[in-house]
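Report on one structure; see the data block that follows.
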Amino acid sequence: MKTQKSSAAFREAQKYIPGGVNSPVRAFKAVGRDPLFIDRALGSRIYDIDGNEFIDYVCSWGPCILGHASEPVIEAVKKACEKGLSFGAPTELETELAGMITEAVPAIEQVRLVSSGTEAVMSAIRAARGYTGRNKIVKFRGNYHGHSDGLLVKAGSGLMTESVPDSAGVPEGYAACTLTAEYNSRDSVERLFEAEKEDIAAVIVEPVAANMGVVLPEEGFLAFLRDITEKNGALLIFDEVITGFRLCYGGACDYFRIKPDMVTLGKIVGGGMPLAAYGGAREIMEVLAPNGEVYQAGTLSGNPIAVTAGIQTLKELKAHPEIYSRIDQNAETLAGAFRKKGLQVNRAGSLLSAFFTDRPVRDYASALTCDTKKYAKYFSGMLEAGIYVAPSQFEAMFVSAAHTQEDIQRTVEAIAGN
Ligand code: HOZ
């Protein structure tokens, strides 16, 4: 496989961009190679600037559930572009998307549109603090909720990949307001509530963790969180930036039949454009300015192009519910191929991870038992076989509606050979 052009582009990028990338995991550091520089993508395929073609299971880290450059989305976006790129003023499109979100996720009675998952979570936590009048939040080790200060504590995703779970540059005071519990450990959550119950504003959780690889909540764990938060006057926030509209149209709330107080969304809700959302019970969302005293704003919030991409993506998913059973089945076929190799596999719907360890992965500690060198070798082998998977053991594999049976079959063969 030729990669000279990508390597040259990487050297050039490093002159002007820290580490040559605008988001760390993309640098391929964990897999010991230069990153691929992408030219274009269509359907299930992504093409780099050296002319290599890959079956893509990164799918822009989740948004491209319909595949890349899905025609109805591109057509709608083109039309929207002709009307202007940004107004910084309300549009009816925003109300339409907000209506679709509240219909899909009944826990969301009112919703604010923002531009990234980081922004959605940061703002949801501010609203939770404003609503409860409390300062502390509980997060789980290995869950990742974007890069706002208070959430870069024992975080997954790029921080786990780089082995720096707590970022530098976060004032101690901020980090002190973030309490950490172990995913799937009721005891660890109970202990925090025993010690700090008056101060805990919210528990935030990825209902299916997807940033330490995919880790499923054990039977009853989410219901336990619902219960303990309710009993202690704290809010339960589901971070559904990855699971929203992916596990099923109603996301994890519907999949697990739990009603949290607040939900954050990103990725799919923007159809591949920079858009995210946070919402919850009307009473909670009423704390936001201009009605209430919790401030949050953004010139590009509810941007018409991103909103159009989101509306069109959700319309396609709603009109074709069979997409979900198809991508789930395809993910199960891939999971079977990994199991045959003796790897540990976790899957929820079309989200999956194969772990290079012999221990079941149920939390951060067990995820860390993975042999990341073996993962790097597998990654390179897959790339050579024309398959693009995440350049880190601690990210998810995403199956899209554009993956064909031939794609899945080719991938199964590549898994067997790597
Ligand atoms: N934090 C993202 C994955 N969970 C990576 C984003 C990116 O590099 O685009």
Hey, residue 17 modelled with pLDDT of 95 or more, surrounded by fewer than 14 Cβ atoms within 10 Å (Cβ to Cβ) and of a type in the set (A, V, I, L, M) or not | yes
Output yes when any residue across region 217-236 is in contact (Cβ under 8 Å) with a residue 24 or more places away in the chain and within 11 Å of the chain's Cα centre (by Cα), and no when none is.
-> no
Checklist (1) more than 20 Å from the chain's Cα centre (by Cα); (2) aliphatic (A, V, I, L, M); (3) within 16 Å of the ligand (Cβ to nearest atom) applied to residue 389, failing item = (1)
Collect the residues in region 175-229 that are of a type in the set (D, E, K, R) and not in a loop (DSSP other than H, G, I, E, B), keeping them in residue-number order.
-> 186, 187, 190, 191, 194, 196, 226, 227
Can you tell me which residue within region 149-184, out of those that are closer than 23 Å to residue 28 by Cα and hydroxyl-bearing (Ser, Thr, Tyr), is nearest to the ligand (Cβ to nearest atom)?
-> 157
Residue among 174, 144, 183, 131 that alone is within 16 Å of the chain's Cα centre (by Cα) and either within 26 Å of residue 283 (Cβ to Cβ) or not polar (S, T, N, Q) (or both) | 144
Considering every residue within region 87-105, establish whether at least one is over 30 Å from residue 321 (Cα atoms) and free of Cβ contacts under 8 Å to residues at least 24 places away in the same chain.
-> yes
Just checking, how many residues over region 126-158 are at negative phi and in contact with a Phe, Trp or Tyr (Cβ under 7 Å, 6 or more places away or on another chain)?
-> 7
Please tell me if residue 114 is within 16 Å of the ligand (Cβ to nearest atom) and either among the β-branched types (Val, Ile, Thr) or crowded, with 21+ Cβ neighbours inside 10 Å (or both).
-> no
Criterion (farther than 20 Å from residue 262 by Cα and away from the ligand (no atom under 16 Å from the Cβ)) met by exactly one of 199, 187 = 187
With the condition kept exactly as written, say whether any residue in region 12-26 is within 16 Å of the ligand (Cβ to nearest atom), among the polar types (S, T, N, Q), in contact (Cβ under 8 Å) with a residue 40 or more places away in the chain and within 27 Å of residue 162 (Cα to Cα).
-> yes
Quick one: in region 31-63, of everything that is within 12 Å of the ligand (Cβ to nearest atom) and not aromatic (Phe, Trp, Tyr), which residue is farthest from residue 267 (Cα to Cα)?
-> 35
Counting only residues that are among the β-branched types (Val, Ile, Thr) and surrounded by fewer than 22 Cβ atoms within 10 Å (Cβ to Cβ), region 23-67 contains a total of 3
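The values are calculated or read from the model by the stated rules, or taken from the named source; none is laboratory data. Computed from a predicted model, the values in this text were never measured in an experiment. No Cβ is skipped: glycine too gets one built from the backbone with ideal geometry, and neighbour counts run over all protein chains shown.
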